[in-house]
Structure formats: C-alpha cells, structure tokens
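Take a look at the structure below.
The values are calculated or read from the model by the stated rules, or taken from the named source; none is laboratory data. Since the structure is predicted, the reported quantities are computational estimates derived from the model, not experimental observations. When we count neighbours, we look across all protein chains shown, and the Cβ atoms used for this are built from the backbone with ideal geometry, even at glycine. What goes into the accessible areas is simple: the full protein's heavy atoms, side chains included, and nothing from ligands, DNA or RNA. Shrake-Rupley method; radii C 1.70, N 1.55, O 1.52, S 1.80 Å.
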Amino acid sequence: MASNNIKIHEHFKVVPTSSTQTTTITPLTYFDRFWLRFHPVERVFFYTLPNSQSHPSFFFQEIVPNLKSSLALTLQHFLPLAGKIVWPSDSSKPFIQFNPNDEDGVSLLIAESDLDFNHLIENSPQEASLSRSLIPYLESTDSFASVISIQITLFPKNGFSIGISTHHAVLDGKSSTMFIKAWAYLCNKIIKTLEESPTLSPKLEPSFNREIIKENNSIESLSKIFPREKGNERSLKIFPFEPKLEESVRATFKLTREDLDQIKQRVLSKWDIFETNDPKPENLSSFVLTCAYSLVCIAKAIQGVEKEREKFTFAFTIDCRSRLEPPIPNNYFGNCVLGHFINTQPLDFIKEDGLNLVSKSIYDQIKLIKEEGVFEGIKDVFAKYTSLVSEGVEIIGVAGSNRFGVYETDFGWGRPEKVEIVSIDRGLTIGLAESKDGNGGVEVGLVLNKHVMDRFSTLFLEGLSID
C-alpha cells in the first residue's frame, strides 16, 4: 500500500450518495464465478496538470474533493461496487452484498509521489516495479472480497494518477471501463457546470439484471483451472498471482494505422500457402494483426534469450454480449466474456512464417466463434489447458482492448497522458489500448525480462521497416 516513493495523506471509505438503507444483493453468474479467485485487474491513468493546478494546496483543496464527491455520486448508479463478495454457509453460490450499515464502501487512498512523472509516462522500458506503487491493494479474505479500490496520487508540479484495482468476478474490462468513464463524466459535469448532482448519460447507465443470463452448465468445468481448496471450498481469498518484477521492465509499443496495413498486406499476400477451401479474407481486424505480430515478436525474443523456452500458445477472451441468444444489452454490467485457445502447434510462433501461421489461427478461431457461437469448444478448454501445461507450453494472454476508448476518460482536466494495465506483470500478457492520438492505431503494453525486452524491441521495430 505504501512504498519509499509514496506518502499516504488520507484514506477514505467512499459510500454512495443518498444510498438506500436496505441491503442490496447481486448474484454472480457463471461468467463471474470463473474469476472468483483470479488476481485483480489493475490500471493506472496518468493526467498532466499546469503548474498552478499541480501545486499540493490546489490539488488537495480542489481536485481531490471533486474526485471524491463525483465518486460517491457515481456509486449511486453502481451500488454493487461499494459492497463485498460474500459466500454465507446457507447459500449454494457466492454473491455481491452491499450493506450500508456494515461499513461498506470503496477504499480511496490519497497519496503523493516523488517519482519522476515524465519518466513514468514515457513508452520506453522502465523498471516494472515503478507503476506498482500507484496501485491500491484490493482486500480479500476467506470470508469476503472487496470489489474495487482506488488510489489518487499527486506528482507535484506535474500531474496526478488514478490507480484502480477491480475484482474480476464482478467486472470484466468493458464494465470497469464503463464505470471509470461514468465517474469521469460526472466529475467533468460538476467542474464545468457547477451542478452538485448532475445526471448520468444514459449510455453510461449500467444494467445489473442477472436474469437475462441463462445458466449454462457446460462451462462450469472451466472453474477447475482455479481449483478450490479442500476443506476451505468457500474461501474468497484471491490466489497469489505475484507480479514478476525482478529483472523485469515495462514498456509500451505503438502500431500505427499504416503499420497495421503493412502487416495485413504481408499476411494476406502469403495466405495461399494454407491448404484451405475457404476464400482469402478481404480484411483482417486490428486485433488479429496486433496480437499476431506482438505474439511472434514475444516468442522469438524469449527463445532468442532463453533457448529452452520455445513452445507457446495464445488464449484470448471474447465479449459475449452481442453473441448470446438472445443478445444482452451493451450496458450489461458484470462479466460476459469467455476464453478461447487458438489452434496452433507449439513451435509455430518461432518459425520463419510464424506471423502468417499465428494470424491465420487467430482469424480462424474468431470465424469459428462467429459461425458456431461463443460456447463452441468451451467444454474442452480445461482439458486443453491441462494438456498444454503438462507439455511445457507457455500460454500468452491478452488484457484490455483497442475498442474500450480509455483515452476518452476526461475527469475535467483533459484526457489522460498515458493509460497502463499494470496487472499484465502477473503473467505473460499483452495489454491493449487504442492509440492515444485517435488515428486508428493500437498501443501494446508489455512486462518482460529486460534482456528479452531488448530483443523484443529490436524484432518489433525491424519488422515494421521491412517493405
């Protein structure tokens, strides 16, 4: 919660403005329960401020009160976030409970850092541990788990950051982004219009209606990936997915629209090498191109530094909201994602034509999901996971999306200078966001061993210079 570079000024429990005095219970669906003991999703938003506004007196007297009051107002619309996950002995399943009489609320830390702000917002490699001091701890025990915690950190004369930890069993990426945007929207309104209680934009109003999610026993087997402890099956304590910080660096790489077009032409020009009856696609999505290019560079960089590490695969989640029957509203708040593995050979990623092989595999998996539905192959995911792990295949994951629009998150002091998914340091994971300039590019965040990162950077940049 604190480090040598951080001074904690205040610690609040923020409760919803004019909240109900009755206990609110929100069920967890099978989409949610899969993530019950998974590590928190942690993001940090960096904002620059002019000198006058980044002085501690202005920050603590003006900015912090606006952020705090707008957070309380936002929680009115997102009551479950102020509660806890519990699993009473008389309940067959865990659920979210908000009890206004039980000291529920969102943990909010107000801090100050002496880290170099301008260094932190650079894209070039830096110590992976630096961003960790800007992320709050999310409490979990055997008997309960907090849903969300927030840390606002001042960098005097430069700006501030908002670090947020969210419990994955309550929010997927789309939902957490929706909450942050709702908070930013109301804060912006308070500052610009001086309204004390502005109304929330309808497109940011969440739906917690769990009845529209029909139970599906076919995916309950996925929970075996995170097995429960014998004799302590109801524990809600998050598993210790420790960040990999030693000898690791964090960096962000950019693919412009022109870069993506170049990669697409390179892949499609060799599509005919695949023996397939399907016609060559006219287009490939930014997701396919970004992931395939990044994955091949990661695998080759790792194998170039550590020769024995040569087997890889890729797993990604897909948003099911529009793909369920019937489809559910876009503003459904909770988890509505399912994980899928691509169908590749473990050595494909390091082959000379790895970019083509991996691109085709991601494209084919997404095409299969579109044609057969989101539950296609889900029953086999656990068996595939077990087989891959036993064979020593490293699973590369992905977090975030270039469709979330995180750089639109303006609390009233301008758009963020940088957004990082800090929790990618807990595994071998790509962090995605749209390009800050809004020109259709993609940002790729990574945490790797510093020698692997050097090799990755060379491969990534050299690959874009090939005509």
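Given Pro243, Pro281, which one is farther than 18 Å from Ile430 by Cβ, open to solvent by less than 80 Å² (accessible area, probe 1.4 Å) and in a loop (DSSP other than H, G, I, E, B)? Give the derivation first.
Details: Pro243 fails: farther than 18 Å from Ile430 by Cβ.
Going through Pro243, Pro281 in turn, just one is farther than 18 Å from Ile430 by Cβ, open to solvent by less than 80 Å² (accessible area, probe 1.4 Å) and in a loop (DSSP other than H, G, I, E, B): Pro281.
Of the residues making up region 432-442, those that are touching a residue at least 24 places away in the same chain (Cβ under 8 Å), out of contact with any Leu (no Cβ under 7 Å at 6 or more places or on another chain) and not polar (S, T, N, Q) are Leu432, Ala433, Glu434, Lys436, Gly438, Gly440. Taking Ser294 as the residue in question, decide whether it is of a type outside the set (A, V, I, L, M) and closer than 27 Å to Phe382 by Cβ. The answer is yes for Ser294. For region 428-452, a residue qualifies if it is within 30 Å of Glu308 (Cβ to Cβ) and either open to solvent by less than 20 Å² (accessible area, probe 1.4 Å) or modelled with pLDDT under 95 (or both), and the qualifying residues are Ile430, Gly431, Leu432, Val444, Gly445, Leu446, Val447, Leu448, Val452.
Condition (residue is under 30 Å from Phe382 (Cβ atoms) and open to solvent by 10 Å² or more (accessible area, probe 1.4 Å)) applied to region 54-76: is it met by at least one residue?
So the first thing to find is which residues in region 54-76 are under 30 Å from Phe382 (Cβ atoms), and the list is none.
Within region 54-76, none of the residues are under 30 Å from Phe382 (Cβ atoms) and open to solvent by 10 Å² or more (accessible area, probe 1.4 Å).
Can you list residue pairs whose Cβ atoms sit under 8 Å apart, with the first residue in region 110-131 being open to solvent by 60 Å² or more (accessible area, probe 1.4 Å) and the second being part of a strand (DSSP E or B) and hydrophobic (A, V, I, L, M, F, W, C)? Count only pairs 6 or more apart in sequence or on different chains. Final answer for the pair search is Pro125/Val249; Pro125/Ala251; Glu127/Val249.
Pairs meeting the criteria (first residue in region 353-374 and modelled with pLDDT of 95 or more, second residue among the acidic types (Asp, Glu) and surrounded by 18 or more Cβ atoms within 10 Å (Cβ to Cβ), beta carbons under 8 Å, at least 6 apart or on different chains) are Gly354/Asp348; Leu357/Asp348; Val358/Asp348; Ser361/Asp348.
Against the criterion of being surrounded by 15 or more Cβ atoms within 10 Å (Cβ to Cβ) and polar (S, T, N, Q), Thr29 qualifies. For region 257-265, does any single residue satisfy the condition of being part of a helix (DSSP H, G or I), buried (at least 19 other Cβ atoms within 10 Å of the Cβ), in contact with a Lys or Arg (Cβ under 6 Å, 6 or more places away or on another chain) and touching a residue at least 24 places away in the same chain (Cβ under 8 Å)? No, region 257-265 contains no residue that is part of a helix (DSSP H, G or I), buried (at least 19 other Cβ atoms within 10 Å of the Cβ), in contact with a Lys or Arg (Cβ under 6 Å, 6 or more places away or on another chain) and touching a residue at least 24 places away in the same chain (Cβ under 8 Å).
Do we have Leu222 as at pLDDT 95 or above and open to solvent by less than 30 Å² (accessible area, probe 1.4 Å) here? Don't jump to the end; show me each part of the working.
Numbers: at pLDDT 95 or above: no; open to solvent by less than 30 Å² (accessible area, probe 1.4 Å): yes.
When the stated conditions are applied, Leu222 does not pass them.
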